[in-house]
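Below is one structure, written out as structure tokens; comments come after it.
The values are calculated or read from the model by the stated rules, or taken from the named source; none is laboratory data. On a predicted model such as this, the values are computed, not experimentally measured, just so you know. FYI the Cβ positions are ideal-geometry reconstructions off the backbone, even for glycines, and counts take in every protein chain you see.
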Amino acid sequence: MTTETKPPQAPANAEEQVSRERREFLKQCATAAPLLLGTIAAGESVAGAAQEQGYKPEEHYYGMGIDVKKCIGCGRCADACKTENNVPREPLYFRTWVERYTITTDGETVVTSPDGGIEGFPPSVSEKGILRTFFVPKLCNHCANPPCVQVCPVGATFITKDGVVLVDKDYCIGCRYCVQACPYGARFLNPVTRTAEKCTFCYHRVVQGKVPACVEVCPTGARVFGDVTARTSPLARFVRFNEIQVLKPQLNTGPKAYYANLDGEVR
Amino acid sequence: MPQQVKRLAVVFVVLIGALIGARHYLVPKTFGLLGHYRAAAVEANASKPMMYAGHEACAVCHPDIVKIHDDARHRTVACEVCHGAQAAHVDSPADHIPPAPRERAFCPLCHAYDPARPTGFPQIDPITHNPGHPCITCHNPHAPVPPHTPQECSACHGEIARTKTLSKHAILPCTTCHEVQELHKNNPLASTPTKPQTREFCGQCHSQDAKAPSEIVRVDMSTHGQRYVCWQCHYPHSPEVQ
């Protein structure tokens, strides 16, 4: 009998042993899990300040409104942009700049932008012959269908979920295709890093709930920043109460820089 | 299976393995997570340091000045327009003292006369406007007002005044055609000056039977543009007939 009873006991023992091993394993798992989750969480928290503050890119879609009639051509936007984004001070590199359009009485259009307007504008050339004259701030239009992103051979420029066109400066090879492709002249090659550079809508400010530096310093409120799709945002109000035009609509780039009171001569 | 197929298969396996290996090492870690780009680049763009603190930050420590500023005409001009990017000052106030531009060249960046500026924006000619004096000797930049009520129309309407100076109408004072209430000088939009409302007003000098010097251009009031008041076609500050 004993020999008969033993065999059933042995499997029971084995089963017990297996289940004990399993229990041990589960226990170890349970102790290890917080550690594991902890490391994953730590990894995510390293990922950046934006996520820490609960910024959700998919909830936004940014654009900028520009009221040409309010622009006084002081160039503070171009100056602030260079300060905020560490853009080289040479008068060749701009993420945003101000142009002065002068339409003479004989129909000629003269566009000037000395140093992007940072140091002010010299007096108009022929004051007697001016038909109309005005300032136009320019910047990257953050197109919904951007040619610069299409031509980048390495995927170093892209649209984020919140509709901002950014450059990956660690991955850019400096081939200048995007500089050539941009119909708005909004890109340049940074002479220090040898990579393409452009307006980012001050993405580092926007993810923290601030407005871009140019909007912050504009003394007349000619620049308005906000969500295009939101029912209530400064930009939503701007496009509601102004007649809006975009630059070069025939190119089908879907620009998100919305101009109010824009003259037909502006290119 | 024929031997050549086996050999080719080995070559393919090696090549595909090499491709997978190469992709593993060459394609950046976060590439393709969100699209055809490195997801980490979004974070790289988002994590740059801020230079401009924003005007909300100033009110925390300087409520008195911000109060004066917010009630005055410069209320739309953020502190950092004049005082520069001051995120560093917000972080450690004692180590970074914001500059205050006192030199004469700064204010004309906005207020120098330029015909491209919007009509009505306060502008001066930096060469003739109290030369040599810094702007702050007369104007408080936080609450700017003219130090005294402007006497001449050209103090605010420089663009029109200049145009008129070069025109046939140069000798006519503004009040010939415009009636200006005293209130307009202190509160421009509360009372706007009048414009001539009849054709006969211009006809005092320009009609056939006007008692005016004979050099003045005459028109036949009965046939010339009956439906319109003269200034609807002609610009009186610089009449086209020169």
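Going residue by residue through the range A:223-234, is there one that turns out to be part of a loop (DSSP other than H, G, I, E, B), within 23 Å of A:VAL110 (Cα to Cα) and charged (D, E, K, R)? No; the residues of the range A:223-234 include none that is part of a loop (DSSP other than H, G, I, E, B), within 23 Å of A:VAL110 (Cα to Cα) and charged (D, E, K, R). Can A:THR83 be described as more than 7 Å from chain B (Cβ to nearest Cβ) and not acidic (Asp, Glu)? So A:THR83 fails the test.
The numbered conditions (1) of a type in the set (A, V, I, L, M, F, W, C); (2) assigned to a helix (DSSP H, G or I); (3) in contact with a helix residue (DSSP H, G or I) (Cβ under 8 Å, 6 or more places away or on another chain) are all true for B:CYS205 except (3). When B:THR76 is tested against (1) modelled with pLDDT of 95 or more; (2) out of contact with any helix residue (DSSP H, G or I) (no Cβ under 8 Å at 6 or more places or on another chain); (3) at the interface with chain A (Cβ under 9 Å from one of its Cβ atoms), only condition (1) is not met. Please go through the range B:35-51 and pick out each residue that is more than 7 Å from chain A (Cβ to nearest Cβ) and over 18 Å from A:GLU84 (Cβ atoms). Passing the criteria: B:ALA39, B:ALA40. Somewhere in the range A:204-213, is a residue among the small types (Gly, Ala, Ser), surrounded by fewer than 21 Cβ atoms within 10 Å (Cβ to Cβ), farther than 21 Å from A:GLY73 by Cβ and within 16 Å of the chain's Cα centre (by Cα)? The answer is yes, given that some residue of the range A:204-213 is among the small types (Gly, Ala, Ser), surrounded by fewer than 21 Cβ atoms within 10 Å (Cβ to Cβ), farther than 21 Å from A:GLY73 by Cβ and within 16 Å of the chain's Cα centre (by Cα).
Residue-wise test of (1) within 25 Å of A:ILE244 (Cβ to Cβ); (2) in contact (Cβ under 8 Å) with a residue 60 or more places away in the chain.
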{"site": "A:HIS60", "(1), (2)": "yes, yes"}
{"site": "A:CYS71", "(1), (2)": "yes, yes"}
{"site": "A:GLY75", "(1), (2)": "yes, no"}
{"site": "A:ALA78", "(1), (2)": "yes, yes"}
{"site": "A:LEU92", "(1), (2)": "no, yes"}
{"site": "A:ILE103", "(1), (2)": "yes, yes"}
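Residue count for the range B:218-242, restricted to those that are at pLDDT 90 or above, out of contact with any Ser or Thr (no Cβ under 6 Å at 6 or more places or on another chain) and under 11 Å from B:LYS168 (Cα atoms): 1. Just one residue in the set A:ASP162, A:ASP170, A:ASP227 is more than 13 Å from every other protein chain (Cβ to nearest Cβ) and closer than 21 Å to B:MET50 by Cβ; that residue is A:ASP227. From the list B:CYS230, B:CYS156, B:CYS174, the lone residue that is surrounded by 16 or more Cβ atoms within 10 Å (Cβ to Cβ) and within 30 Å of B:HIS83 (Cβ to Cβ) is B:CYS156. For the range A:86-118, filtered to residues that are among the hydroxyl-bearing types (Ser, Thr, Tyr), surrounded by 17 or more Cβ atoms within 10 Å (Cβ to Cβ) and more than 11 Å from chain B (Cβ to nearest Cβ), the residue that is nearest to A:VAL215 (Cα to Cα) is A:THR96.
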